[in-house]
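Colleague: First the structure, which I've put down as structure tokens, then a few questions once you've had a look.
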Amino acid sequence: MNYMERLVDFFKKQKKNFLIAIAGIFLVMATLTLITYISIKGLVTSYKISKPIEVYDKEENLVDYLSKQKGENVSIGDIPVSLQNAFIAVEDKRFYSHHGIDVLRLGRAAVVNLSKGRIAQGGSTISQQLAKNAFLSNERTISRKFKEAIITFEIERIYSKEEILEKYLNEIYFGSGSYGVKEAARDIFNKDISKINLAEAAMLAGIPNRPNTYNPRKNLDKAIQRSHLILKLMLNQNLISEEEYNVAVQHKFVKEEDSPRLSARNKNTTIIINGGRKKRESAKAPDFLDAVENKLIDLMDVRVLSRGGFKVYTTLDNKMQMAAKNTFEAYPYFKKDSKLQGAMVTLDAKTGEIRSIIGGKGYKSGHFNRVTDANIQIGSTFKPFVYYTALEKGFTMNEMIDASGVAYGNWTPQNYNNAKFNRITLIEALEKSVNTAAVKLLKDVGIEDVVENFRKTGVDIPFEKDLTIALGSMSASPLDLAASYIPFANGGYSFEPSFIKKIVDADGTILYENESVRETKSYDTLNTALITYMLQDVVENGSGTGAKIYSRRGRPVEQAGKTGTSNDFRSAWYAGFTPDYVTVVYMGYDDNTSMPNGSSGGRMAAPLWRNYYQKMINERIYSPGNFEFINENIKNGELVARNIDIRSGEVKRVSREYRRKVLFKKEQAPETPTKKFFKGIFESIFR
């Protein structure tokens with residue numbers, strides 16, 4: 001008997017067992033289906049619009065809702081057919097022919113995903129997406145998938161296709177706090193949904209796939225490319241004519257700030273509204289909430305966001321946020337110059353948690369958030385990383401370094417106000433922010449080592465690896481710069497900045513919990529103590545004196561920082577810190593043109609930092625502590641204090657005008673004048 005005959009004979013003998021097994025499987029599936037159906041019976045018919053997302057501060061007090069207007073429904077008859085068809089073309093082209101699940105699409109998606117080794121294409125229909133968004137939890141289990149299928153079929157059984165599409169279009173999330181097509185049309189175009197044209201419909205249909213990427217306020221070019229793709233799909237599916245397609249792809253979209261005459265709007269141009277309408281219940285912290293919302297989009301599936309109804313516990317300190325907002329808006333420089341803009345961000349130095357954000361003057365929800373999204377030359381705020389590397393390589397604060405002028409090819413570094421220097425102590429070079437000294441020091445200690453030390457902070461920004469980085473020729477956001485300063489404030493530990501502590505759904509299930517609040521030892525404690533001491537000196541004697549703050553009893557507060565001014569006064573910075581918080585202030589014009597002469601970080605940004613911290617101290621919001629990692633190492637003898645002549649760097653007695661107290665590692669500390677004197681006498685006697 002050959003192999004095939006044996007196989008046939010086996011199946012004949014086991015026929016009864018196979019039939020029993022198949023019947024058993026069928027019975028189990030039928031039972032599961034019945035149980036599932038009973039458990040969800042009435043769920044679909046009792047459909048309600050999702051609740052808005054609640055946002056809480058670090059004390060778990062409710063701050064705001066991401067969309068108070070969520071639930072503003074529109075009937076399918078008021079939604080233009082072009083908008084309905086745009087969503088169908090891109091999300092579910094066989095919407096009107098399938099019964100809830102598109103088997104062909106599922107098969108194609110499986111093949112694509114297997115070939116690419118990742119989830120590159122989805123297979124869910126509009127009915128399935130509605131089932132996920134409106135009726136299911138966030139668990140990823142087989143039972144959830146089973147429920148999804150049952151609910152999808154139930155949706156298709158109970159509702160018409162028009163009703164399904166209507167519910168879907170009222171649920172879908174567009175980013176920036178907008179839920180549903182009616183709210184999105186008003187928020188993005190300032191238009192009633194019934195007035196949306198074909199080009200606008202295609203743009204709206206393209207956003208929900210990736211609300212951050214295809215947000216026309218942030219990425220207009222990408223949003224237009226996406227809309228053109230959807231128009232092509234509509235053409236290929238015979239949903240629009242060739243003529244309609246050609247007119248729509250020629251339609252222009254312009255950001256409100258780039259349109260000089262809004263009254264000149266015509267039917268061939270659409271204005272993308274800057275900031276849209278007010279979506280927040282209050283104006284407590286729109287800057288912070290916008291940043292939280294963008295982070296939510298990164299952390300969670302868009303379908304989960306569409307469902308809403310969950311609670312987001314953030315790192316916001318509401319009192320600090322209000323103090324920052326009031327100080328920022330009242331700052332005289334902003335009142336005098338309507339064009340002047342800025343940003344301010346505060347991080348907890350012990351955790352990296354973000355306590356307050358000011359995204360700009362007059363910031364409203366949806367505006368450009370300069371804390372997170374601006375990319376600006378940071379100027380001399382980068383210098384501490386050059387000096388830290390020098391300390392790491394054995395330089396001392398009293399070491400005399402060359403600060404004379406020199407040309408590097410076609411580039412000749414200049415000092416502020418064209419000041420000239422020859423040789424200068426390391427501490428005074430940083431104190432006065434001497435450019436010529438910083439460039440030569442960078443050349444001595446090595447570009448690669450300085451860049452590597454900066455990246456140890458966890459901040460990754462692009463560098464042109466040349467000598468100009470000594471003067472901060474690279475660009476970063478205020479948030480990135482603040483994060484890079486955290487190790488200076490806490491003794492050498494870096495943290496990843498965080499907005500969100502945890503996210504909990506309506507059932508109390510934790511969807512996300514931040515586990516990144518882990519310290520990473522980035523810098524040596526003694527070298528960090530030395531650079532922080534030098535940055536204290538910047539505030540005490542150098543370019544940062546405008547940032548000096550005092551306790552409520554009038555005593556000096558332990559603080560440190562560094563000013564920064566980019567070429568031609570295009571940006572003014574102050575990166576300041578206490579033992580508890582790091583705060584970065586940026587000021588400049590959004591078009592990157594020059595501010596008036598003299599608009600330096602020390603003159604403009606540092607006093608704003610001072611006003612903010614002094615307000616928090618005076619109003620008992622904050623009581624500053626001490627740099628314990630400096631004080632402890634002085635007490636245990638690892639660091640030694642000496643008075644030097646700032647002109648020569650020598651350890652000797654000198655008048656108060658030229659006397660400067662500096663720190664040394666114990667093995668580098670020079671002898672005191674008294675010890676030298678008695679040592680000289682002893683040697684002369686016993687010579």
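The values are calculated or read from the model by the stated rules, or taken from the named source; none is laboratory data. These figures come from a predicted structure and were not determined experimentally. Virtual Cβ from ideal backbone geometry, glycine too; neighbours counted across all protein chains shown. Accessible surface is based on the protein model in full, side chains and every heavy atom, while ligands, DNA and RNA are left aside. Shrake-Rupley method; radii C 1.70, N 1.55, O 1.52, S 1.80 Å.
Colleague: Take the residues of the range 581-592 that are open to solvent by less than 50 Å² (accessible area, probe 1.4 Å) and out of contact with any helix residue (DSSP H, G or I) (no Cβ under 8 Å at 6 or more places or on another chain): which is nearest to GLN536 (Cα to Cα)?
Modeller: Among those that are open to solvent by less than 50 Å² (accessible area, probe 1.4 Å) and out of contact with any helix residue (DSSP H, G or I) (no Cβ under 8 Å at 6 or more places or on another chain), it is GLY588.
Colleague: Here's a follow-up. What helices (runs of 4 or more DSSP H), lying completely within the range 92-172, carry at least 2 residues that are out of contact with any helix residue (DSSP H, G or I) (no Cβ under 9 Å at 6 or more places or on another chain) and either of a type in the set (D, E, K, R) or modelled with pLDDT of 70 or more (or both)?
Modeller: 103-116, 142-158
Colleague: Being within 20 Å of TYR416 (Cβ to Cβ), assigned to a strand (DSSP E or B) and either open to solvent by less than 50 Å² (accessible area, probe 1.4 Å) or in contact (Cβ under 8 Å) with a residue 60 or more places away in the chain (or both) is the requirement here; does TRP609 meet it?
Modeller: no
Colleague: Tally the residues that are among the aromatic types (Phe, Trp, Tyr) and part of a helix (DSSP H, G or I), restricting the search to the range 478-514.
Modeller: 2
Colleague: Just to verify a result, which residue in the range 160-194, among those that are free of Cβ contacts under 8 Å to residues at least 40 places away in the same chain and farther than 20 Å from HIS367 by Cα, is least open to solvent (accessible area, probe 1.4 Å)?
Modeller: It comes out as ILE164.
Colleague: A further question on this structure: When the residues of the range 430-456 are filtered to those that are part of a helix (DSSP H, G or I) and of a type in the set (Gly, Ala, Ser), which remaining residue is farthest from ASP480 (Cα to Cα)?
Modeller: Taking the candidates together, the pick is ALA437.
Colleague: Still on this structure: Kindly indicate whether GLY602 is in a strand (DSSP E or B), modelled with pLDDT of 95 or more and open to solvent by less than 40 Å² (accessible area, probe 1.4 Å).
Modeller: It is false that GLY602 is in a strand (DSSP E or B), modelled with pLDDT of 95 or more and open to solvent by less than 40 Å² (accessible area, probe 1.4 Å).
Colleague: Considering only residues that are charged (D, E, K, R) and open to solvent by 30 Å² or more (accessible area, probe 1.4 Å), look in the range 74-99 and name the one that is farthest from ASN238 (Cα to Cα).
Modeller: ASP78
Colleague: Additional query: Residues that are within 29 Å of LYS393 (Cβ to Cβ), in contact (Cβ under 8 Å) with a residue 40 or more places away in the chain and open to solvent by 40 Å² or more (accessible area, probe 1.4 Å): does the range 505-516 have at least one?
Modeller: Scanning the range 505-516 turns up no residue that is within 29 Å of LYS393 (Cβ to Cβ), in contact (Cβ under 8 Å) with a residue 40 or more places away in the chain and open to solvent by 40 Å² or more (accessible area, probe 1.4 Å).
Colleague: Suppose we filter the range 375-394 for residues that are part of a loop (DSSP other than H, G, I, E, B) and either in contact with a strand residue (DSSP E or B) (Cβ under 8 Å, 6 or more places away or on another chain) or open to solvent by 40 Å² or more (accessible area, probe 1.4 Å) (or both); how many remain?
Modeller: Within the range 375-394, residues that are part of a loop (DSSP other than H, G, I, E, B) and either in contact with a strand residue (DSSP E or B) (Cβ under 8 Å, 6 or more places away or on another chain) or open to solvent by 40 Å² or more (accessible area, probe 1.4 Å) (or both) number 3.
Colleague: Determine, yes or no, whether ALA403 is modelled with pLDDT under 95, buried (at least 23 other Cβ atoms within 10 Å of the Cβ) and closer than 23 Å to THR532 by Cα.
Modeller: Against the criterion (modelled with pLDDT under 95, buried (at least 23 other Cβ atoms within 10 Å of the Cβ) and closer than 23 Å to THR532 by Cα), ALA403 qualifies.
Colleague: So which pairs qualify, if the first residue must be in the range 641-665 and of a type in the set (Asp, Glu), the second must be open to solvent by less than 30 Å² (accessible area, probe 1.4 Å) and assigned to a strand (DSSP E or B), the Cβ gap must be under 6 Å, and the two must be at least 6 apart or on different chains?
Modeller: That search, which allows pairs on different chains as well, returns nothing.
Colleague: List the pairs whose first member sits in the range 430-453 and is among the acidic types (Asp, Glu), whose second member is assigned to a helix (DSSP H, G or I) and open to solvent by less than 30 Å² (accessible area, probe 1.4 Å), and whose Cβ atoms are under 7 Å apart, counting only residues at least 6 apart or on separate chains?
Modeller: Sorted first by the residue in the range 430-453, then by its partner, the pairs are GLU431/ASP537; GLU431/VAL538; ASP449/THR389.
Colleague: Now, a different point. Can you find a residue in the range 547-563 that is assigned to a helix (DSSP H, G or I), crowded, with 23+ Cβ neighbours inside 10 Å and of a type outside the set (Lys, Arg)?
Modeller: yes
Colleague: I'd like to check something: does the range 626-643 contain any residue that is closer than 22 Å to VAL345 by Cα, modelled with pLDDT of 95 or more and crowded, with 16+ Cβ neighbours inside 10 Å?
Modeller: Yes - at least one qualifying residue is present in the range 626-643.
Colleague: Residue by residue through the range 198-236, note down the ones that are surrounded by fewer than 21 Cβ atoms within 10 Å (Cβ to Cβ) and either hydrophobic (A, V, I, L, M, F, W, C) or part of a helix (DSSP H, G or I) (or both).
Modeller: LEU220, ASP221, LYS222, ILE224, GLN225, HIS228, LEU229, LYS232, LEU233, LEU235, ASN236, listed by residue number.
Colleague: Can I ask one more? What are the pairs, 6+ residues apart or on separate chains, where a residue within the range 564-588 that is more than 24 Å from SER338 (Cα to Cα) has its Cβ under 8 Å from a residue that is open to solvent by 10 Å² or more (accessible area, probe 1.4 Å) and among the β-branched types (Val, Ile, Thr)?
Modeller: Matching pairs, first to second residue: THR578/VAL557.
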